Amino acid sequence: MHDDDIVRVTVTMTRKQHKALKQYASFFGLTQSEMVTDCLGYFWNKHYTFCTLTQQIFHNLKLAPDRRRQKPCYGHQCHQCTKNVECRTGLYQGVVHVDESCRPLMTDDGKRSLIKFQIAHHQAPQWTEDMNCNVS
């Protein structure tokens, strides 16, 4: 056995949580395992900045912290970002650029927040034409 071998972990959750996980993962083209692993990765990597225990665990297991962890958009938004692969490899320096497939799913508040976030980070905002009101 090696530390990088794949292992199976049993996670206890309600049926509703399982259904939500299954639907959410399916929308993004991921397996449930990939979705859970990604979410844990986001949590651990964000925590790494603030916690010596997490840093020690990473050090002991020779885990490299995710280079995206310092980005203000790092986390759940990575699943909907068109630049996820480029960002993961260090080739993209901008902030989240949401995939067009998510556009009809975003609320006006979500779009307004995205636009403000992108502008605040000196990036051309998406979907300003969808907003009937001022985004400032």
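Every number here is computed from the coordinates shown, using simple stated rules; none is lab data. Note that the structure is a prediction, hence the values are computed from the model and not measured. Because the Cβ atoms are built from the backbone with ideal geometry, glycine has one as well, and the counts that use them run over all protein chains shown.
Report yes if some residue within the stretch 34-52 is over 23 Å from P72 (Cα atoms) and either under 22 Å from the mean Cα position of the chain (by Cα) or surrounded by 15 or more Cβ atoms within 10 Å (Cβ to Cβ) (or both); otherwise report no. No, that holds for no residue. In the stretch 2-30, the residues that are more than 19 Å from H79 (Cα to Cα) form Cβ pairs under 8 Å with partners that are part of a loop (DSSP other than H, G, I, E, B), at six or more places apart or across chains, as follows: D3/L61. Show the residue pairs that are 6+ apart or on different chains and have beta-carbon atoms under 9 Å apart, the first residue being within the stretch 79-96 and in contact (Cβ under 8 Å) with a residue 24 or more places away in the chain and closer than 17 Å to H122 by Cα, the second being of a type in the set (F, W, Y) and surrounded by 14 or more Cβ atoms within 10 Å (Cβ to Cβ). So the pair list comes out as V95/F117.
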